[in-house]
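The values are calculated or read from the model by the stated rules, or taken from the named source; none is laboratory data. If you're wondering where the values come from, they're calculated on a predicted model, not measured in any experiment. No Cβ is skipped: glycine too gets one built from the backbone with ideal geometry, and neighbour counts run over all protein chains shown. The area values use the complete protein model at the heavy-atom level, side chains included, leaving out ligands, DNA and RNA. Shrake-Rupley method; radii C 1.70, N 1.55, O 1.52, S 1.80 Å.
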Amino acid sequence: MLSRLTIENYALIDSTVVEFDNGFTVITGETGAGKSIMLDALGLLMGARADLKAMGDKTRKTYVEGVFEKPGNAVRQICEENDIDWDDEEIIIRREISPAGKSRGFVNDTPVNLTILNELSAQLIDIHSQHSNSSLNDSKEQTDIIDIYGDNQELLSEYQKTFKSYVALRGKIKKIKEAQAQSKENRDYILFRLEQLDKLKPKAGELEALEKEFELLSNADRLKTGLGEAYNIIDSDSDSVVHLLNRAASALQGIDFSLFQVSEEEDITRRLESLKIDLRDIADTINDCMEKVDSNPVRYEEVKDRMERIYEAIKRFKVRDEAELVALYEDLKKELNLMEGDGTDLTESEKELKLLAQKLKQQADSLTQGRIKSIESFSKNLVERLQPLGMPNIRFEVDLQKGKLTADGQDRITFKCSFNKNHPMQPIAEIASGGEVARVMLGIKSIMAEKINLPTVIFDEIDTGVSGEIAHKMGLTMKKMAENMQVVAVTHLPQVAASGTTHFKVYKMDDAEKTVSHIKKLKGEERVEEIAGMLSGMKINEAAVSNARTLLETE
C-alpha cells in the first residue's frame with residue numbers, strides 16, 4: 001500500500017508530506033484547490049512524462065517520492081531483473097525534475113527509466129480518473145476485463161506468442177515472394193550477362209598469372225641469352241669464376257694465415273670454399289630459370305588472347321579489377337539459382353505457416369471458450385453489485401462475436417446493458433449517462449480489485465453525476481473494497497466523504513507572492529465541518545452540521 005507521498009515544488013504545492021493509512025481514504029476540497037495535482041504527482045511516479053509547466057519555482061528542483069509498504073512478489077521480480085536493491089518491508093519510488101528540465105527516476109535509490117517505473121507502478125497502484133470511463137467504448141479494454149476475470153492470461157500469453165511467430169513467418173514468406181518476383185523481372189538481363197561471363201569463366205588470381213607468363217613469353221630470347229651468359233661466366237669452363245676460385249684455393253694451400261694474425265673466422269681458404277658453394281647454387285638457380293623459358297608462339301597467342309578477353313570484360317561490366325569481375329560472376333549465378341531454384345525455402349516456410357495457422361486457431365478457440373465460460377458469471381456478479389447502486393432494473397450481458405485473428409484472439413467483445421424495463425440491450429457506451437457510467441465502472445473496478453489483488457486503487461471523482469442515496473451506496477461500495485486493499489477516493493460528494501475511514505482536505509492559501517495548495521488530515525469536528533460545508537455550500541448552518549453528524553454516525 002501507499003504509505004507516504006512527498007511532493008515538493010509541483011504546481012501549486014510548495015512542499016507537503018502525506019501519510020496514508022490502509023482502508024478507505026477520502027480527499028475533498030474545492031474545485032481548483034489542488035486535489036488533481038496530487039494525482040498528477042503520483043502519475044510521475046508511474047512513469048508519466050514530465051510537464052515542465054507544472055514546476056512551481058523554475059529555479060528549484062521538483063521532487064516527488066512515494067513509499068509503498070510490503071511490495072509483492074511481482075514487484076520483487078521486476079526489481080531483481082533490473083538489478084534494483086530489494087527490501088521486503090518497503091519500496092521507495094522517486095522522481096526528480098531539475099530546473100533545466102532533466103527528469104530522473106529512482107527506485108530504492110537505483111536510477112531507472114520510465115519503462116521500469118511504469119512496470120512497477122502497474123503492480124502497486126491503479127488510478128481511475130474520469131477519462132478512464134472511456135474504456136467502456138473500447139472493445140479491447142472490455143476483452144481485457146473478461147480475461148482478467150476469467151483467469152485467461154496464460155491462454156492469452158501462449159496465443160500471443162504463436163501469433164507473433166505467425167506474423168513474423170508470414171512476413172518472411174512475403175519477402176521471399178517479392179524477391180522472386182523481382183528476380184523474374186530481371187531474368188533476361190541476368191541471363192544475358194551470365195552467358196557472357198560463362199564463356200569467359202573468370203577465376204580469382206588468373207590475370208596476374210597470365211601477365212607474368214606473357215612477360216616471360218614476350219622476352220624469351222633475351223632472357224635465355226642473358227641467363228646463359230651468366231651461367232657460363234659463373235660455372236661452365238676453365239675461365240669461369242668457380243674454376244678461378246678453385247685455382248686460387250689451390251695456390252693458398254699450405255699457407256698458415258695465423259702468421260698474419262688472421263683469425264679462424266677470417267680464414268681465407270674456408271671463405272673461398274663458402275663462395276664456391278654460393279656460386280654453384282646461383283648457377284643451379286639460373287639453369288632452372290633457363291629451363292622455364294619457352295619460346296612457344298602458340299602459347300604466347302593463347303595467353304595474349306585470354307588476357308585481352310579479361311581486360312575487355314572488366315571494361316564492359318564496369319568493374320575495377322579481376323576480383324570484382326569474379327565476384328559479379330558468382331553473384332549472378334546465386335541470383336539465378338534463387339530465381340530458378342526448387343523453392344525449398346518457400347515451400348518449407350509455407351508448410352510451417354500452415355501448421356502455425358492451425359495451432360493459432362486452436363489456441364484462439366481455447367481462448368474463446370475461456371472467455372465464454374467467464375461471461376455469464378461476470379455478468380451476474382456485476383448486476384448484483386449495480387442493483388444496490390440505484391439500478392434495480394439493470395440488465396447486463398457480454399456480446400462476443402468471432403472475427404478475424406488479431407493479437408488478442410478472434411473475439412470482439414461488447415458490453416451491452418439496459419437500465420430500464422422493456423428497453424432493448426444496447427452497447428453501454430451508447431446509452432449510459434455520466435452517472436450510470438460511473439456506477440458501472442465502480443462495479444467493474446470492485447470486481448477487478450478482488451481478482452488482481454492490487455494493493456492500492458485511487459478513484460478520481462468516479463462518483464461524478466450521482467447524488468443522494470446513490471452516492472451513499474457508492475461510498476459503501478468503495479468502503480467494502482477497502483476491506484481487502486487500500487482505496488483512495490477524490491470526491492465532491494458528502495455521502496462518499498462520510499464513508500471514508502481517513503479524511504484529507506486540500507485547500508489553497510494566498511501569501512504576498514503566490515497561491516499555495518495544502519493538504520490536511522481532518523479529525524473530529526474538523527471533519528464534521530468539512531462535510532457540512534459540502535452539504536450546504538459556503539454558509540454552514542446547524543441543519544448542515546446535524547446532517548453531517550448523521551452521515552458520519554451512519555457510516
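Assorted remarks:
- Each residue in segment 463-484 was checked for being touching a strand residue (DSSP E or B) at 6+ places or on another chain (Cβ under 6 Å) and either open to solvent by less than 30 Å² (accessible area, probe 1.4 Å) or assigned to a loop (DSSP other than H, G, I, E, B) (or both), and 3 pass.
- From GLN182, GLN142, GLN196, GLN160, residue being free of Cβ contacts under 8 Å to residues at least 12 places away in the same chain and either assigned to a helix (DSSP H, G or I) or farther than 30 Å from SER3 by Cβ (or both): GLN182
- Listed conditions (1) closer than 30 Å to ALA327 by Cβ; (2) open to solvent by 90 Å² or more (accessible area, probe 1.4 Å); (3) not in a loop (DSSP other than H, G, I, E, B) are all met by LYS203, apart from (3).
- Residues located in segment 511-526, provided they are of a type outside the set (Ser, Thr, Tyr) and either closer than 23 Å to SER15 by Cα or under 46 Å from the mean Cα position of the chain (by Cα) (or both): ASP511, ALA512, GLU513, LYS514, VAL516, HIS518, ILE519, LYS520, LYS521, LEU522, LYS523, GLU526
- Of all the listed residues (ARG104, ARG94), the sole one being over 23 Å from THR414 (Cβ atoms), modelled with pLDDT of 90 or more and in contact with a Pro (Cβ under 7 Å, 6 or more places away or on another chain) is ARG104.
- Looking only at segment 515-555, and only at residues there that are without any contact (Cβ under 8 Å) to a residue 24 or more places away in the chain and assigned to a loop (DSSP other than H, G, I, E, B), the one that is least open to solvent (accessible area, probe 1.4 Å): LEU522
- Spans of helices (runs of 4 or more DSSP H) in segment 263-358 with at least 3 residues basic (Lys, Arg) and in contact (Cβ under 8 Å) with a residue 60 or more places away in the chain: 297-316
- Odd one out for MET509, checked against (1) outside any loop (DSSP other than H, G, I, E, B); (2) among the hydrophobic types (A, V, I, L, M, F, W, C); (3) out of contact with any strand residue (DSSP E or B) (no Cβ under 7 Å at 6 or more places or on another chain); (4) open to solvent by 20 Å² or more (accessible area, probe 1.4 Å): (3)
- Test: residue in segment 258-275 that is more than 30 Å from LEU227 (Cβ to Cβ), hydrophobic (A, V, I, L, M, F, W, C) and exposed (fewer than 11 other Cβ atoms within 10 Å of the Cβ): yes
Rundown of residues vs (1) charged (D, E, K, R); (2) farther than 30 Å from VAL496 by Cβ; (3) free of Cβ contacts under 8 Å to residues at least 60 places away in the same chain, yes/no style:
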{"position": "ILE13", "(1), (2), (3)": "no, no, no"}
{"position": "ASP57", "(1), (2), (3)": "yes, yes, yes"}
{"position": "ARG60", "(1), (2), (3)": "yes, yes, yes"}
{"position": "ASN82", "(1), (2), (3)": "no, yes, yes"}
{"position": "ARG95", "(1), (2), (3)": "yes, no, yes"}
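- Output for segment 375-417, where each listed residue is in a loop (DSSP other than H, G, I, E, B), free of Cβ contacts under 8 Å to residues at least 24 places away in the same chain and open to solvent by less than 60 Å² (accessible area, probe 1.4 Å): none
- Residues (in a helix (DSSP H, G or I), surrounded by 18 or more Cβ atoms within 10 Å (Cβ to Cβ) and either among the hydrophobic types (A, V, I, L, M, F, W, C) or under 38 Å from the mean Cα position of the chain (by Cα) (or both)) located in segment 430-446: VAL437, ALA438, ARG439, VAL440, MET441, LEU442, GLY443, ILE444, LYS445, SER446
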